[in-house]
Amino acid sequence: MPAGVTTQVSDTREADKAPVSPLHVAIIMDGNGRWAKARGQMRTLGHKAGVNALQRTIRAAGDLGITHMTVFAFSTENWRRPAAEVSDLMGLLRTFIESDLGKLAKEGVCVRIIGQQDGLPKDIVECVRKAHDDTRHNSRFFLQVALNYGAQADVVEAAKRFAAKVKSGEAEVNDLTPETFGGLLSTHDLPPLDLMIRTSGEHRLSNFLLWEAAYAEFVFQDVLWPDYDRVHLEEALRIFKERDRRFGAVEAGHVSA
Ligand code: IPE
Ligand code: IPE
Ligand code: MG
């Protein structure tokens, strides 16, 4: 294989090689607006409470043996919201990085922000850079924050990167495999996704980790994100452990006649 084509461990695991506890968990943190509405408050207050829930969940995840977490903070479609709400969300991210990054860095957390930087305010791009620089040597826990992220756009970017390699002679068309393609996605250095959680009772992916979720288990919880706590994460892990992950094979011990 020519130089410049990297590979990702794609989800071609067999059931007996999959972890009993999820290593990589993704969360679609949904329901901030409804949480605020139920209290007669502005949506911004819901988002603020959502940041507290994220802080609690990061702590709980580390305690519960999760090593990689990808959270959906802002989608490419969230620009459709009123400008004031978008600006509040960016402000909260800025505050989160300013107030929590030092603590996370000390606790051995590696923070990465994925998503398109084009279109983000300059100071947020600076926050993204700072988060990477200040925590890149950490390896106790990996926190990936998807900001201005859309899975379709991520796949398109990966396809463009591969096409450019072919054009420059760095790669050949036949070098493209699920593994090499996965290596071009923004999530390329994380292990396969084990568990996808969505809160607030919605049952959709909303353009999150479409490729990575190929063999993830899905757990939908009715709790609104600002109320999310350790007990909810424990419940999701309990449900995960009860699942029979077959990866296309037959149930262990069930041999056909
Ligand atoms: C999730 O909560 C946060 C973001 C999408 C940024 P929502 O703001 O979507 O809350 P609901 O779905 O309106 O309740
Ligand atoms: C998905 O939630 C995006 C984030 C949680 C950041 P949305 O609330 O934007 O999704 P839809 O619009 O209900 O699909
Ligand atoms: Mg929502």
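Read the figures in this text as sums done on the coordinates, not as results from a lab. All figures in this text were calculated on a predicted structure; none of them were measured in a lab. When we count neighbours, we look across all protein chains shown, and the Cβ atoms used for this are built from the backbone with ideal geometry, even at glycine.
Taking each residue as 0.36 nm, the span from Gln152 to Arg39 lengthens on full extension beyond its C-alpha to C-alpha distance by 37.2 nm. Within segment 188-257, the trypsin sites (Lys or Arg not before Pro) that combine a DSSP coil assignment with at most 14 other C-beta atoms in a 10 angstrom radius are Arg204, Arg243, Arg246.
How much net charge surrounds Gly65 when only the other residues with a Cβ under 14 Å from the Cβ of Gly65 are counted, with Lys and Arg +1 and Asp and Glu -1? It works out to a net charge of +2. In a DSSP loop and with at most 15 other Cβ atoms within 10 Å, the GluC sites (Glu not before Pro) in segment 103-183 are Glu107, Glu170, Glu172.
Close amide-amide hydrogen proximity is noted between Leu210 and Ala151, each under 5 Å apart and 5 or more residues distant or on a separate chain (H modeled in the peptide plane; Pro and chain starts excluded). Shown for segment 105-257 is the translational diffusion coefficient from the Stokes-Einstein equation, using the Kirkwood radius over Cα pairs, a temperature of 37 °C and a viscosity of 0.692 mPa s: 179 µm²/s. Contact order for the chain, expressed relative to its length and based on alpha carbon pairs under 8 Å spaced 6+ residues apart, stands at 33 percent.
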